[in-house]
Ligand code: CUA
């Protein structure tokens, strides 16, 4: 039997303490009103029981003070919850600019991770302590959910065909070295309960050592460039300018792309991914989608992440 059962997981990230504080505040508030209401029910039930000599005269039912108090007290309490919760939500939803990005692909029933240096791992995620880490995530099949209780973070991981935008993210900054559970928190089939793993938080020097000790693949943008050349994307998409058959991709990422339909669209990662698997979805103004084949089903989600990372890197120079 597991003897170190605890009601609460470790607090091992920068937001964990704040999330717990809000949680305990809500629990305390609910407990206070539950006890108050239950107590009054019992008190009045006894006081006005049949045969008691309590005063049953109806007093003044509505006073201004009473009206104001039950308008303003609940309003103040709701606003405290709203402002506190919203602030915390934005803090957990917005990764810091210096976050190290790990690419994540979920599938039935495992988690695949790729570090910026090219190291890959499955169901294990090594991260340095004191460094914001952003997980850039997508699923190969059904909806999964990345949940790391000790960090108090959780986000759904969506399959690419579900909607227009499929990439999701979450971020954390671990504060304590150690090993923490990682779960899939969305029922995803027979072995959902086995889709678990560990986050291993290491001192920065140990992390560096771990990085150099593992089998290192290509960093995402390098793997992406190789795939780009292998798929012959470069024959239409690079450096051609006006004469090119497809739009040049330098500087595209992050820009507003005018479309043939007259609309324009922000060239984010979801747009780039969509344009690879379904080139007809958003045809760029001045081009006709006659020659680019769909790569739907031909490139893995890891491959798409790499390709997008490469196209993104073309805008960073
Ligand atoms: Cu993946 Cu549950």
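For residue 39, the requirement of being on the phi < 0 side of the Ramachandran plot and not in a helix (DSSP H, G or I) is not met. So, in region 99-119, exactly how many residues are within 18 Å of residue 168 (Cα to Cα) and away from the ligand (no atom under 16 Å from the Cβ)? Counting residues in region 99-119 that are within 18 Å of residue 168 (Cα to Cα) and away from the ligand (no atom under 16 Å from the Cβ) gives 8. The set of residues from region 43-54 being loosely packed, with under 10 Cβ neighbours inside 10 Å and part of a helix (DSSP H, G or I) comprises just one member, 45. Looking at this structure, is residue 18 part of a loop (DSSP other than H, G, I, E, B) and in contact (Cβ under 8 Å) with a residue 60 or more places away in the chain? No; evaluated as a whole, the condition is false for this residue.
Flag: residue 126 matches the condition of being assigned by TED's automatic domain parsing to the domain that holds residue 183, in contact with a helix residue (DSSP H, G or I) (Cβ under 9 Å, 6 or more places away or on another chain), part of a strand (DSSP E or B) and over 21 Å from residue 270 (Cα atoms). When you scan region 286-302, do you find a residue that is assigned to a helix (DSSP H, G or I) and touching a residue at least 40 places away in the same chain (Cβ under 8 Å), even just one? Within region 286-302, one or more residues are assigned to a helix (DSSP H, G or I) and touching a residue at least 40 places away in the same chain (Cβ under 8 Å). Take residue 22 and tell me if it is closer than 26 Å to residue 145 by Cβ, modelled with pLDDT of 95 or more and either surrounded by 10 or more Cβ atoms within 10 Å (Cβ to Cβ) or more than 46 Å from the chain's Cα centre (by Cα) (or both). Yes, satisfied. Whether any residue in region 120-134 is without any contact (Cβ under 8 Å) to a residue 40 or more places away in the chain, within 16 Å of the ligand (Cβ to nearest atom) and under 12 Å from the mean Cα position of the chain (by Cα) is what I want to check. No; the residues of region 120-134 include none that is without any contact (Cβ under 8 Å) to a residue 40 or more places away in the chain, within 16 Å of the ligand (Cβ to nearest atom) and under 12 Å from the mean Cα position of the chain (by Cα). Checked against (1) within 30 Å of residue 29 (Cβ to Cβ); (2) more than 18 Å from the chain's Cα centre (by Cα), residue 154 passes all but condition (2).
The values are calculated or read from the model by the stated rules, or taken from the named source; none is laboratory data. Because the structure is predicted, anything quoted here is derived from the model rather than measured. With ideal geometry, Cβ positions are generated from the backbone for all residues, glycine too; neighbour counts draw on all protein chains shown.
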